Amino acid sequence: MRSRSRLWWRVAPPVLFLETELWQSDWMNSIGAFPGNFFLWLILAIPVWAQVEGSGWEGRNHLPALGSGVERVQDFGYDGAGAVGGVVERSLKPASYAKAIRPVGLDDAFAASGRLRVTESDGGSGVLLGWFRRDSVGWRMPNSLVLRLDGENDHFRVFFEYGTGDGRTGSGQTFEGRYQDNDGSLFPAGDDWYRWELAYHPNGAEGLGEMVLHFDGREFRAPLAPGHRASKTVFDRFGIVNQQIDGSSMTVWLNELRLMGEPIDLET
């Protein structure tokens, strides 16, 4: 069970998005959202950002909350037993569980490693793991460099991708050709743990910048496109973030996490 007694809430810009969602719902319309129930509306909108008190980890929309309309379940964080993860659902609303880090960009070298396990995977699910900026939002997020897990029914595929600060993108994959034609691109969901390492080398690919992924004993490389490294791009968080497009859920767990070769304390 994830501990929730140590969470405290604060208002952040995403509150505006939550307010809009509540305003459009049938439930709010049935009671009259404004002006008589303005304070009720405001109170429901507050629990958007959460931080584990005394730690460097913070959550954004990562735990179940009151809601209406189309149900979206985000239920991920620290499990109290040496792993982070849980149920992550694709949604237009951002959700993340991440650790604040010293800001880095595409002129810096950085790396992370660990083990991951996908225990459940629906078709149309997706989870991102890696570096991003706290206010990163959108499909193919700007200011991000991440491992992407794409769900199929009881399986998943692995990609790695980046988004610059001005919205340009690039990616690599762990298989040849199109995934639609390649059943060998699928990893089964279940109890197996997969070891991974994702690194970025600013001087790789003859100075373009290069992402290098080691996954399940194999190495994969993808260069940045010409000119992308020069974009002003900043990452100040490392962790889990949902893929921000409509879809379904995946249950994923991470442990033995290391950042720049140093173990990440998941409890503090």
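The values are calculated or read from the model by the stated rules, or taken from the named source; none is laboratory data. Keep in mind that what you see is a predicted model, and the values were worked out from it rather than measured. Don't worry about glycine lacking a Cβ; one is built from the backbone with ideal geometry, like all the others, and counts go over all protein chains shown.
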Checklist outcome for this item: Scanning the stretch 90-109 residue by residue, those assigned to a loop (DSSP other than H, G, I, E, B) and either out of contact with any helix residue (DSSP H, G or I) (no Cβ under 7 Å at 6 or more places or on another chain) or without any contact (Cβ under 8 Å) to a residue 12 or more places away in the chain (or both) turn out to be Arg90, Ser91, Leu92, Pro94, Ala95, Gly105, Leu106, Asp107, Asp108, Ala109
Next on the checklist: So, Trp253, is that one farther than 17 Å from Ser96 by Cα, touching a residue at least 12 places away in the same chain (Cβ under 8 Å) and under 17 Å from the mean Cα position of the chain (by Cα) or not?
Outcome noted: no
Next on the checklist: Being under 16 Å from the mean Cα position of the chain (by Cα), of a type in the set (Asp, Glu), modelled with pLDDT of 95 or more and assigned to a strand (DSSP E or B) is the requirement here; does Glu161 meet it?
Outcome noted: yes
Next on the checklist: Report every pair of residues separated by at least 6 positions or lying on different chains whose Cβ atoms are under 9 Å apart, first residue within the stretch 70-86 and surrounded by 23 or more Cβ atoms within 10 Å (Cβ to Cβ) and of a type in the set (A, V, I, L, M), second assigned to a loop (DSSP other than H, G, I, E, B) and at pLDDT below 90.
Outcome noted: Val84/Leu266
Next on the checklist: Of the residues Asp191, Asp216, only one is surrounded by fewer than 18 Cβ atoms within 10 Å (Cβ to Cβ) and without any contact (Cβ under 8 Å) to a residue 60 or more places away in the chain; which?
Outcome noted: Asp216
Checklist entry - Looking at Gly184, Gly172, which one is more than 20 Å from Pro103 (Cβ to Cβ), in contact with a strand residue (DSSP E or B) (Cβ under 6 Å, 6 or more places away or on another chain) and of a type in the set (Gly, Ala, Ser)? => result Gly172
Item to check | Some residue of the stretch 153-165 being buried (at least 16 other Cβ atoms within 10 Å of the Cβ), within 20 Å of Leu254 (Cβ to Cβ) and charged (D, E, K, R) | outcome: yes
